[in-house]
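The values are calculated or read from the model by the stated rules, or taken from the named source; none is laboratory data. All values derive from a computational prediction rather than experimental measurement. Cβ atoms come from the backbone with ideal geometry, glycine included; neighbour counts cover every protein chain shown. Remember, those area values only see protein heavy atoms, side chains included, never the ligands or the DNA or RNA. Shrake-Rupley method; radii C 1.70, N 1.55, O 1.52, S 1.80 Å.
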Amino acid sequence: MSFKKLLCICSTAFFLLSMSSCTKGIKNLHDGTFIGKGSGRNGIIEVSINVVGGKITEAEIIKGNDTPAFMQEAKSQILSQFILEGGTANLDTISGATITSHGILDALDAAIAASQGYKQKSLIYHDTECDIVIIGAGGAGLTAATEAATKGARVIVLEKMGIVGGNTNFSTGGINAAYTKEQRALGIKDSKEVFFNDTMAGGRYLNNPTLVRKLVDESADIVEWLQSPLIGADLTDVGAFGGATNKRIHRPKGGAAIGTHLVPLLSKSAQAQGADIRLNNKVIDILEMNGKAVGVKVKCEENEYTINSKAVIIATGGFGANAELLSLYQPSLAGFATTNHAGATGDILPMVEKFNAELIQMNLIQTHPTVVKGTGYMITESVRGNGAILVNKNGKRFVNEMETRDIVSSAILRGPGKTAYLLFDQGIRESLAVIEDYASNKWMIEAKSLKDLAGKLKIDATNLEHTVQKYNHFVTERLDSDFERNPASMDRQIAKAPFYAIEVEPAIHHTMGGLKINENAQVIGKDGLPISGLYAAGEVTGGVHGAERLGGNAIADICIFGKIAADSALDFIQKRNLGN
């Protein structure tokens, strides 16, 4: 099989593949140009194929808003493999760009089907009813769906995007939990009380202590639940994160990203238990009767329908991708890049006004300090937790790298160019599997020596060498005399060539404010009372994290309160059925 040329123009806008012969295994193609659609990270990806004489002569990606580096890599590799393999079945995805890859594969499948005369049928949903309707198929929604369906409820999950997972797809850190068997097996001494104090201090004591206590008390159990046969997660690797006194962030073996590990498992489990997950179904209103939440109105393509339910769980995530709302609640963040997926827009907020639901702490918005410059993709805190340091454009450290995210972000923004370099070596790279994703996306600047690395970064080599030498001495002494970095994150020196740097900048990451809830995940009205039948979990809520969320607490939050929301809704339904 041969093909003439791979041509990429304007990064995400255009890709053309010319071929001298038809791909093997694809038959009954009609001549013409055919378009197929798939769902990427930030919306629809469209692919067109041109068929002449029953043979594919060109394939072109004509639309896609996913990150340029991901699109570039996925386009070249996938379309090349598509030609060689004779179709889209069993093709490999691109490391670090799984969602983009699947979007392109789905679009290719749809384009081929169109050329074979098949028309994609529009999904038509009709008015229906269920026990619990869940708005949002991110980590919180999928957790709630699994728990409720496992206990016998009829569950419908509505997701406005074309993929499940929401922002959870892009979580690369892990889940915080204290006093777990994984910690004990590794000799890590931790306690619920230390975890509670760390979380309250990280949130500048603006957190709701009742919610924090629930988060902490349920954390070890949720790790066990996620690793049970019902879900099948691997959370055996435990590392250090910013603001944590002890190592308590649990993640897959080797330090792999938790999001791409957990989302498929939760989705599979929810559906295996009978939950009905509907993609591209946007909730446009929550139904109210006598002050109670009794269902939702939904739009799918041009079709609108109603679901009547006994309870409603809101799990729609935050509003970190809504520039208008961000500027409204925190004008100082106008113009910042965001790590959030395109669906994180806070659409649900106007829908709860009829219930007189209370919104709290909406101005508390977190930036993540280590986001690849100009991309919106974050570098997990685990890299720093495993030993990396931050240096400025003078080649010097300037902050305790394991401080809370607001402090590290502010320190970067005060520096030259408002960016910094995340610096690490081969030993740290080998300690954390997720770094291979960064390498595959060509975000890492590599050199055989610190002097050569300084040259590539155009910073003072003497300063950089002295900085690393001094830090390595701190590691040996287990004492950072300059910035008082936690020794729990100083297990490795930066000494093994090659050496690496990634230029990073702060970007909007998490919205800490949202719907006020209680420890039972009930949405609270402005009168201080729970709203009947209405529950919420995850980033759409406020109060758990206070002024600043600690890394690793988001996955704990969404899973713990997602499960609680399901159990509370089930309890509400049971009492209603009994007439209580």
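A few remarks follow.
- Along each principal axis, Cα extent of the range 468-546, largest first, Å: 60, 26, 18
- Eligible aspartates and glutamates near LYS181 by straight Cα distance, threshold 19 Å, same-chain separation 8 or greater: ASP190, GLU193, ASP217, GLU218, ASP221, GLU224, ASP234, ASP237
- Computed across the range 155-310, the Kirkwood hydrodynamic radius from all distinct Cα-Cα pairs reaches 17.9 Å.
- For the range 518-580, the fraction of alpha-carbon pairs lying more than 18 Å apart is 40 percent, rounded to a whole number.
- With the Kirkwood sum run over all distinct C-alpha pairs, the range 336-402 has a hydrodynamic radius of 15.3 Å.
- Prolate/oblate/rounded label for the range 406-478 (Cα gyration tensor, a/c 1.5): rounded
- Per-residue ellipticity at 222 nm from helix content only, as computed over the chain with -39500 (n - 2.57) for each DSSP H run of at least four residues, stands at -9500 deg cm²/dmol.
- Selection from GLN493, ALA461, HIS545 lying farthest towards where the dipole of the range 440-557 points positive, charges on Cβ: ALA461
- Cross-link reach is defined here as a Cα-Cα straight distance under 22 Å, omitting same-chain residues fewer than 8 places apart; for LYS451 the lysines meeting it are LYS393, LYS396, LYS442, LYS470, LYS496.
- Percent accessible area from carbon and sulfur atoms, the chain, protein chains only, probe 1.4 Å: 50
- The range 433-508: GluC sites (Glu not before Pro) in DSSP coil with no more than 15 other Cβ atoms inside 10 Å: GLU484
- Set of lysines near LYS292 by C-alpha distance (under 24 Å), chain-local residues within fewer than 8 positions excluded: LYS151, LYS160, LYS282, LYS310, LYS354, LYS516, LYS526, LYS563, LYS575
- Kirkwood estimate for the range 222-261, i.e. one over the average of 1/r between Cα atoms, Å: 10.7
- Equivalent-ellipsoid semi-axes of the range 294-336, from the Cα gyration tensor, Å, largest first: 32, 14, 7
- Descending semi-axes in Å of the range 184-229, equivalent ellipsoid built from Cα gyration tensor: 22, 14, 7
- Centre-to-centre, using Cα atoms only, the range 243-310 and the range 547-564 are separated by 15 Å.
- Rounded to the nearest whole angstrom, the semi-axes of the ellipsoid equivalent to the range 435-580, taken from the Cα gyration tensor as √(5λ), stand at 50, 17, 14, largest first.
- Per residue solvent-accessible surface (Å²) - the chain, probe of 1.4 Å: 39
- Magnitude of the charge dipole, the range 110-232, Cβ model with Lys/Arg +1 and Asp/Glu -1, debye to 20: 260
- Rg/Rh ratio calculated on Cα atoms of the chain (Kirkwood radius): 0.99
- Percent breakdown of C-alpha pair distances by 10 Å bin, ordered from the shortest bin, for the range 232-313: 15, 27, 24, 21, 14, 0
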